[in-house]
Amino acid sequence: EMALLVIDSRGRPQKLLASAKQRGTAQPLPFQLRFAAEAFPAGSRVELRARASQSGQLILHLPAVQISQPTTQLLGNLEMIKAP
């Protein structure tokens, strides 16, 4: 599961801009997360967050990636880490 979120000053999600779900095979996955550029709030903190679950249990998560502008961004390889 991936989500593009507007985050408040306390680090809490305030608005969902886009989300997507993909099935993984423990191999790198290319992805596109489409959203309406006009919905991207100027001056707000926007982050890409992701998590992976297996049999309903959280197993991995992506450390938050800050997105500064509503343009196509090449983020390179995003590596998920084990969930606490």
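Of note:
- Prolate/oblate/rounded call for the chain, Cα gyration tensor, a/c under 1.5 rounded: prolate
- Label-to-label distance for Gln22 and Ala52 is 1.1 nm, based on points extended 7 Å past Cα in the beta-carbon direction.
- Converting phi to 3J(HN,Hα) with the Karplus coefficients 6.51, -1.76 and 1.60 and the offset θ = phi - 60°, the range 24-39 yields x, 10, 6, 10, x, 10, x, 8, 10, 10, 7, 8, 7, 4, 5, 7 Hz in sequence order, with x at every glycine or proline.
- Between the amide H of Arg45 and those of Ile7, distances stay under 5 Å, these residues lying 5 or more places away or on another chain, with hydrogens modeled in the peptide plane.
- In this structure the amide hydrogen of Lys15, modeled in the peptide plane, comes within under 5 Å of the amide hydrogens of Val6, none closer than 5 places in sequence on its chain.
- Accessible area per residue, Å², the range 34-84 with all protein chains present, probe 1.4 Å: 78
- Take each peptide in 24-35, 58-69, count the other Cβ atoms within 10 Å of every residue, and average; sorted highest first, the result is 58-69, 24-35.
- Theoretical gain in end-to-end length, Glu79 to Phe35 [0.36 nm per residue, Cα-Cα removed]: 13.6 nm
The values are calculated or read from the model by the stated rules, or taken from the named source; none is laboratory data. Just so we're clear, the structure is a prediction, and the values are computed from it rather than from any experiment. FYI the Cβ positions are ideal-geometry reconstructions off the backbone, even for glycines, and counts take in every protein chain you see. Ligands, DNA and RNA are excluded from the accessible area calculation, which covers all protein heavy atoms including side chains. Shrake-Rupley method; radii C 1.70, N 1.55, O 1.52, S 1.80 Å.
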